Amino acid sequence: MHPAPSIIMFTALSGVGFGLLIWLGLGVPVLSSWTAFWAFGLAYGLSVVGLISSTLHLGHPERALKAFSQWRSSWLSREGVVSVAALLVMAPFAFWRVFLVPGGVGGLVGLDGLAGLEWLRWLGVLGAALSLLTVICTSMIYAQLKTVPRWNMGLVPVLFVLFSISGGALVTAPVAQTVMGTVVMLLVLTVLQWGYWRQGDRRFAAAGHSMETATGLGGIGSVRLLESPHSGTNYLLREMAFQIGRKHQRRLRLIAAVMVGLVPALLLVTVPLWWAGLVALGVHLVGLFASRWLFFAEAEHVVGLYYGKR
Amino acid sequence: MTTLPATTEKKLGLAIDLDTCVGCHACVISCKEWNTSNYGAPLSDTDAYGADPVGSFLNRVHTFEVTPDLGEAEKQVIGETPIAQVVHFPKSCLHCEDAPCVTVCPTGASYKRTEDGIVLVNEDDCIGCGLCAWACPYGAREMDPVEQVMKKCTLCVDRIYNENLPEEDREPACVRTCPAGARHFGDFADPDSNVSQLVAERGGISLMEEQGTRPVNQYLPPRQKTLADLAAKNSGFQGGCGTALAAEAKDAPGFFGWLDRALDKMG
């Protein structure tokens, strides 16, 4: 599949953003005032930039609102609905933590320390649940596609969720005193990433697709393409039989495997300062981008069989 | 709604005869012509006369070579040995009963009609996300390079019910134009229809059945040809066709015959 930068940005950034929102919503850690301001700012920033980026590859972004209508049947529509719901539900909770708690930023205009708002933490929990659901919906956009056997497995939602919650946990780990838990998540993530590649490499053959089943001509012999239907390229080949992206497969896998979990984990363990979380996030994002590039570039669509390609 | 109808009254579709198709691409061109000037946005081309032409088509003809996997027994009787053959393979939307392209659509632009099972795109609602094309195993959907909306075969919905057309034209453009008669249009829900009968007689095949899409369109497989067929064809060409041509040249009737003889006499 064609690894469109807008889609890589979308899945990667919104994944980490919603991951951070999950932890903030659950109160791990409980942040207030300016610390909360920067943490929620980062979480909302990543999520929103990711979501906006997803509209960049649309042919008609001006009609994007229509995509909220088919949540009954479409994972892409569900993703849109749930992501907006998560951001809206989380907003009052974030506002409370940033402005209204005792010593909050609202103190600048005398609005801090308002009593009776404790119940807002339940909105945080609900927002966290919706954020998690958003990440699951994002992963299902890909995992539902039988046409891409490498994506069509249960490991994909698990991997996306783990990427999201470990990426989110990274940022606040030194502040929240959750370094050990985060390190464990990062190591599990690294193992699962390898597992995804290993299992994914076998998926196409295991699904039983071949030029013979694609053409239905297997009954009379083995099939090869003699002549392509067109001398130039077309949308299908550009979008779904995009093979150039696989050129640096091995190197990118190595980069992803090291940067996604191992280096950030090492950083968190050795540097017990608040900014270690941000540096670790930077490293993690490099690994995540490499991983997502491969997620798309390595994915083989069955339509390639009609062109003698994978 | 992008949920699929549980069942459709009719199952309109095509039966494509791979034994008859000669790979002339007339269906491709006829389809492009009809559909560029009728339903929805035109089927555009970019750089049509340049080095990198790209365009959207709703129908494409692939050409495959099929080589039989010979067992020992088949090698023994020379005349019955199956031979490799070229199969021209037109491919367009199969109007699947479990169309995965419809359910993934986030806007409701893609839908399957309850009355006849035709899968269509309402282009005004299409945001051009491309997910339906990803969901289709057959490459039946192409994003138009200029309009940036998803294009697909409409089974010429604007021909088959069109009372402004003479009755013989009320079938898909590809079917109407096929000079070999390799494409058949009909209702697969009716066991007595032309297409249902053809499929029953010839053992119609579904493409990539393991995807679980239950395509309506069926392909009639080519007969396995043998060395004996090849020999018969060749002898026919030399003995039959060749001599017929020679005879025609000798005894051409009418004015041209007279002219031929007259010119011969001039020396």
Using a 1.4 Å probe on the heavy atoms of the protein chains only, list every residue of the stretch B:210-235 that has 10 Å² or more less accessible area in the complete assembly than in its chain alone. B:Glu210, B:Gln211, B:Pro222, B:Gln224
At a 10 angstrom cut-off on C-beta neighbours, averaged per residue, how do the peptides A:274-286, A:5-17 rank from highest to lowest? A:5-17, A:274-286
Round to a whole number: what % of the accessible area of the protein assembly as shown belongs to carbon and sulfur, probe 1.4 Å? 63 percent
The stretch A:62-94: which residues show an accessible-area loss of 50 Å² or more, assembly versus chain alone, 1.4 Å probe? A:Arg63, A:Lys66, A:Gln70, A:Ser73, A:Leu76
Explain nothing, just the number: relative contact order of the stretch B:6-82, from Cα pairs under 8 Å at least 6 residues apart, as a whole percent. 22 percent
Over the stretch A:1-144, what is the mean sequence separation of C-alpha contacts under 8 Å (at least six apart), divided by residue count, expressed as relative contact order in percent? 32 percent
Minimum 20 Å² accessible area buried by the other protein chains, the stretch A:177-214 residues, probe 1.4 Å, relative to alone: A:His209, A:Thr213, A:Ala214
Please give the total accessible area that chains B and A bury against each other, computed with a 1.4 Å probe and expressed in Å² to the nearest 100. 4800 Å²
Candidates per trypsin sites (Lys or Arg not before Pro) in the stretch A:211-271, loop by DSSP, up to 10 other Cβ within 10 Å: A:Lys247
How shielded is A:232-241 by partner chains, expressed as the average number of their Cβ atoms within 10 Å of its Cβ atoms? 6
Arranged from highest to lowest average of other beta-carbon atoms within 10 Å per residue, in what order do the peptides B:146-158, B:125-137, B:162-174 appear? B:125-137, B:146-158, B:162-174
Work out the mean other chain Cβ neighbour count within 10 Å for the residues of A:294-303 and drop it here as an integer. 2
For the stretch A:1-144, what does the convex hull of the Cα positions come to per residue, in cubic angstrom? 117 Å³
Let me know the mean shielding of A:276-287 by other chains, meaning the per-residue number of their Cβ atoms within 10 Å of its Cβ. 0
Only loop residues by DSSP count here, and only those with at most 11 other Cβ atoms within 10 Å; note down the chymotrypsin sites (Phe, Trp or Tyr not before Pro) in the stretch A:82-146 that meet that. A:Trp119
Starting from the Kirkwood radius over alpha-carbon pairs of chain B, derive D by Stokes-Einstein at 37 °C in a medium of 0.692 mPa s and give it in µm² s⁻¹. 153 µm²/s
Quick check: the angle from helix A:33-55's long axis to the longest principal axis of chain A, C-alpha only, nearest 10 degrees? 20 degrees
Relative contact order for chain B: what is it in percent, counting Cα pairs under 8 Å that are at least 6 residues apart? 28 percent
For the protein assembly as shown, what is the accessible area per residue in Å², given a 1.4 Å probe and the full set of protein chains? 44 Å²
Can you show me the helix-derived [θ] at 222 nm for chain A, built from DSSP H runs with n ≥ 4 at -39,500 (n - 2.57) apiece and divided by the number of residues, rounded to the nearest 500. -20500 deg cm²/dmol
Which peptide among A:257-266, A:109-118 comes first, and what is the full order, when sorted by highest mean count of other Cβ atoms within 10 Å? A:257-266, A:109-118
For the pairs A:Lys146/B:Lys32; A:Lys309/B:Lys233; A:Lys146/B:Lys233; A:Lys309/B:Lys32; A:Lys247/B:Lys32; A:Lys247/B:Lys112, flag any whose C-alpha to C-alpha distance is greater than 32 Å. A:Lys309/B:Lys233; A:Lys146/B:Lys233; A:Lys247/B:Lys32; A:Lys247/B:Lys112
Tell me, Kirkwood radius of the protein assembly as shown from alpha-carbon pair distances, in Å? 27.2 Å
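The values are calculated or read from the model by the stated rules, or taken from the named source; none is laboratory data. Because the structure is a prediction, the values reported are computed rather than measured. Neighbour counts are summed over all protein chains in view; Cβ atoms, including those assigned to glycine, are modelled from backbone coordinates with ideal geometry. Just the protein is used for accessible areas: all its heavy atoms, side chains included, with ligands, DNA and RNA removed. Shrake-Rupley method; radii C 1.70, N 1.55, O 1.52, S 1.80 Å.
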